[in-house]
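Student: Dumping the structure here so I can ask a few things about it.
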Amino acid sequence: MSAAHGVPAISTGDIFRANIKNETPLGLQVKEITASGGYVPDEITNAIVRDRLAEPDAAQGFLLDGYPRTTGQVEALDAMLAEQGTALDAVVELTVDTDEVVGRLLARAQEQGRADDTEDVIRERMRIYAEETAPLAAVYRDRGLLQVVDGMGTVEEVTARIEAVLPSSAGRS
């Protein structure tokens with residue numbers, strides 16, 4: 001999706017996993033948190049996103065995956081974008097049945113050897129999502145940015161649905 005728009009995909013999960021794999025101080029800290037299904041604290045996540053958005057390839061746009069997840073992260077992202085004199089084009093919320101999400105993540109865990117993706121941990125993340133992340137949809141709905149997309153189906157089907165709701169300038173601002 002990001003390649004089609006000529007912008008980088010920035011996944012906080014990928015950044016965290018790379019640090020865990022390389023056993024950096026951040027990685028060791030994050031590994032303990034994610035192993036229990038918890039969310040990495042806002043101050044750590046915000047700092048990582050701030051550093052990543054400052055890289056040259058993100059100057060013309062970006063796709064964020066897994067961020068923001070809390071109201072504190074929304075506020076931090078708003079501040080980052082204001083400093084850069086830019087704004088979000090759209091926020092996409094994929095809706096998927098909980099049992100489907102669990103099944104997909106368990107399959108991914110097997111394929112990629114992710115020790116942190118056990119059923120209990122996944123369900124705990126889903127519980128935290130319902131408490132902390134789901135309310136963010138209202139924030140972005142009120143701003144006129146939220147696009148809700150059915151996440152059930154093939155990658156191609158979901159991609160087409162996402163493309164259909166993105167503003168023509170998304171990813172190229």
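Student: Examine segment 39-54 for a residue that is closer than 26 Å to residue 161 by Cα, open to solvent by 50 Å² or more (accessible area, probe 1.4 Å), out of contact with any strand residue (DSSP E or B) (no Cβ under 6 Å at 6 or more places or on another chain) and not basic (Lys, Arg), and state whether such a residue exists.
Tutor: Taking every residue of segment 39-54 in turn, none turns out to be closer than 26 Å to residue 161 by Cα, open to solvent by 50 Å² or more (accessible area, probe 1.4 Å), out of contact with any strand residue (DSSP E or B) (no Cβ under 6 Å at 6 or more places or on another chain) and not basic (Lys, Arg).
Student: May I pose another question? Which one of the conditions (1) open to solvent by 70 Å² or more (accessible area, probe 1.4 Å); (2) touching a strand residue (DSSP E or B) at 6+ places or on another chain (Cβ under 6 Å) does residue 17 fail to meet, given that it meets all the rest?
Tutor: All conditions are met except number (2).
Student: So which pairs qualify, if the first residue must be in segment 102-116 and in contact (Cβ under 8 Å) with a residue 24 or more places away in the chain and closer than 18 Å to residue 30 by Cα, the second must be surrounded by 11 or more Cβ atoms within 10 Å (Cβ to Cβ) and hydroxyl-bearing (Ser, Thr, Tyr), the Cβ gap must be under 6 Å, and the two must be at least 6 apart or on different chains?
Tutor: If the second residue must be surrounded by 11 or more Cβ atoms within 10 Å (Cβ to Cβ) and hydroxyl-bearing (Ser, Thr, Tyr), the pairs left are 116/34.
Student: Assess whether residue 108 counts as being among the charged types (D, E, K, R), open to solvent by 50 Å² or more (accessible area, probe 1.4 Å) and in contact with a Ser or Thr (Cβ under 9 Å, 6 or more places away or on another chain).
Tutor: The answer is no for residue 108.
Student: A further question on this structure: Check segment 1-10 and report whether any residue there is modelled with pLDDT under 90, within 21 Å of residue 135 (Cα to Cα) and either touching a Cys at 6+ places or on another chain (Cβ under 9 Å) or among the small types (Gly, Ala, Ser) (or both).
Tutor: No - not one qualifying residue is present in segment 1-10.
Student: Right, next: Just one of the numbered conditions (1) assigned to a loop (DSSP other than H, G, I, E, B); (2) farther than 19 Å from residue 17 by Cα is not true of residue 128; which one?
Tutor: Status for residue 128: all satisfied but (1).
Student: Among the residues in segment 120-141, are any β-branched (Val, Ile, Thr) and free of Cβ contacts under 8 Å to residues at least 24 places away in the same chain?
Tutor: no
Student: Here's another thing I want to ask about it. Is it the case that some residue within segment 94-102 is more than 27 Å from residue 150 (Cα to Cα) and surrounded by fewer than 17 Cβ atoms within 10 Å (Cβ to Cβ)? Please lay out each step first, then the result.
Tutor: Of segment 94-102, the ones more than 27 Å from residue 150 (Cα to Cα) are none.
No: segment 94-102 contains no residue that is more than 27 Å from residue 150 (Cα to Cα) and surrounded by fewer than 17 Cβ atoms within 10 Å (Cβ to Cβ).
Student: Which of the residues spanning segment 131-173 are open to solvent by less than 60 Å² (accessible area, probe 1.4 Å), on the phi < 0 side of the Ramachandran plot, in a loop (DSSP other than H, G, I, E, B) and at pLDDT below 95?
Tutor: Correct list: 134, 151, 166, 167, 169, 170.
Student: Residues of segment 10-53 being more than 13 Å from the chain's Cα centre (by Cα), part of a loop (DSSP other than H, G, I, E, B) and on the phi < 0 side of the Ramachandran plot, which ones?
Tutor: Correct list: 22, 24, 36, 38, 41.
Student: A further question on this structure: Given the condition in a loop (DSSP other than H, G, I, E, B), closer than 29 Å to residue 51 by Cβ and open to solvent by less than 40 Å² (accessible area, probe 1.4 Å), answer yes or no: does some residue in segment 73-89 qualify? Reasoning before the result, please.
Tutor: Of the residues in segment 73-89, the ones in a loop (DSSP other than H, G, I, E, B) are 85-89.
From what's left, closer than 29 Å to residue 51 by Cβ: 85-89.
So of that shortlist, the ones also open to solvent by less than 40 Å² (accessible area, probe 1.4 Å) come out as none.
No: segment 73-89 contains no residue that is in a loop (DSSP other than H, G, I, E, B), closer than 29 Å to residue 51 by Cβ and open to solvent by less than 40 Å² (accessible area, probe 1.4 Å).
The values are calculated or read from the model by the stated rules, or taken from the named source; none is laboratory data. Note that the structure is a prediction, hence the values are computed from the model and not measured. Cβ sites come from the backbone with ideal geometry, for glycine too, and all protein chains shown count toward neighbours. The accessibility values were calculated without ligands, DNA or RNA, using every heavy atom of the protein model including side chains. Shrake-Rupley method; radii C 1.70, N 1.55, O 1.52, S 1.80 Å.
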